[in-house]
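All of the numbers you see were taken from the coordinates with simple rules; none came from a lab. Since we're looking at a predicted model, the values are computed, not measured. So basically every Cβ, Gly included, is an ideal-geometry build from the backbone, and we count neighbours across all protein chains shown.
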Amino acid sequence: MAKTIDMQLMRYINLFERAAKVSTTDCFVYNNAIYFAVPKKLVFQAVGRNGENVKYISNTLRKRIKVIAMPSKEAFDSETSDTRKVEELKDFIKDIVAPVEITSVDFKEGAITISGSRESKAILIGRDRCREKELSEVLKRTFGVKEFKIL
């Protein structure tokens, strides 16, 4: 699935790559924070010693910055078991919505269902469903998810 990146996100990616010296292809905005998804091996290098790369980018853009681990592409091959796919998705979603607690993530035939406590659901949905729409768009763009529900 091809990802489309607008010019603003492309500027964010270029700044991130210059500051952190780590290549990334995925950048998105969720809950007024900019997320950069990098390979798991390079997360510590991207953050920098004492978080200096993240602090520099955050001060430059005047926004919150988070660096998360990108799920491995091997996990989403057709031969991979569904349990591994669900674990990769669960880790990715937990990184995005942290510190909100999620109890379970189900992934079946292009549909993702997330469940949590009553307070967690309210936070995940957000006012006027803004956070739900943002998360749905991220999952649609990254994994090709057709349907997204919060229970």
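From its DSSP helices (H runs of at least four residues, each -39,500 (n - 2.57)), the chain gives a residue-normalised ellipticity at 222 nm of -13500 deg cm²/dmol. Shape class for the range 7-69, computed from the alpha carbon gyration tensor (a ≥ b ≥ c): rounded, with a/c under 1.5. Among the trypsin sites (Lys or Arg not before Pro) in the range 8-93, those located in a DSSP loop and surrounded by at most 12 other Cβ atoms within 10 Å of their own Cβ are Lys21, Arg62. Listed by Cβ neighbour count within 10 Å, with the fewest neighbours leading, Asp128, Asp82 appear as Asp128, Asp82. As a calculated quantity, the FRET efficiency between Lys121 and Ala33 at R0 = 25 Å, using C-beta atoms, amounts to about 0.80. As a proxy for reagent exposure, ranking Tyr35, Tyr12 by other Cβ atoms within 10 Å from fewest up yields Tyr35, Tyr12. Charge dipole (Cα centre; +1 on Lys/Arg Cβ, -1 on Asp/Glu Cβ; no other charges) of the chain amounts to roughly 640 debye. Using θ = phi - 60° in the Karplus curve 6.51 cos²θ - 1.76 cosθ + 1.60, the 3J(HN,Hα) couplings for the range 12-23 round to 4, 4, 4, 4, 4, 5, 5, 6, 8, 6, 10, 7 Hz; x is entered for Gly and Pro. Bridges between two residues of the range 73-150, per DSSP, are antiparallel at a rate of about 55%.
Derived scalar couplings between HN and Hα for the range 83-94 equal 5, 5, 4, 5, 5, 5, 5, 4, 5, 5, 5, 5 Hz in order, rounded to whole Hz, by the Karplus curve 6.51 cos²θ - 1.76 cosθ + 1.60 (θ = phi - 60°), x for Gly and Pro.
For the range 138-151, backbone phi angles converted through the Karplus equation (6.51, -1.76, 1.60; θ = phi - 60°) give residue-by-residue couplings of 5, 5, 5, 6, 7, 10, x, 6, 8, 9, 9, 9, 10, 10 Hz, Gly and Pro being listed as x. As a proxy for reagent exposure, Thr113, Thr24, Thr83 were ordered by neighbouring Cβ count within 10 angstrom, fewest first; the result is Thr83, Thr113, Thr24. Each of Val145, Ser117, Ala33 was placed along the dipole of the chain (beta-carbon charges, centred on the mean Cα), and the one lying farthest toward the positive end is Ala33. Only alpha carbons enter this Debye calculation for the chain, each as an equal point scatterer, and the log10 of I(q)/I(0) it gives at q = 0.18, 0.21 Å⁻¹ is -1.15, -1.43. Proximity of backbone amide H atoms, modeled 1.01 Å from N, is registered between Val100 and no other residue at under 5 Å, excluding neighbours fewer than 5 places apart on the same chain. Once backbone amide H atoms are built at 1.01 Å from N, Ile5 has no partners under 5 Å, excluding neighbours fewer than 5 places away on the same chain.
For the set Lys55/Lys94; Lys41/Lys85; Lys63/Lys140; Lys73/Lys121; Lys41/Lys149; Lys41/Lys146, the pairs lying more than 27 angstrom apart at their alpha carbons are Lys73/Lys121; Lys41/Lys149; Lys41/Lys146. Cross-link reach is defined here as a Cα-Cα straight distance under 17 Å, omitting same-chain residues fewer than 8 places apart; for Lys108 the aspartates and glutamates meeting it are Asp77, Glu79, Asp82, Glu87, Glu88, Asp91, Glu147.
Extension gain, Thr113-Glu87: 0.36 nm per intervening residue step, less the Cα-Cα distance, totals 8.0 nm.
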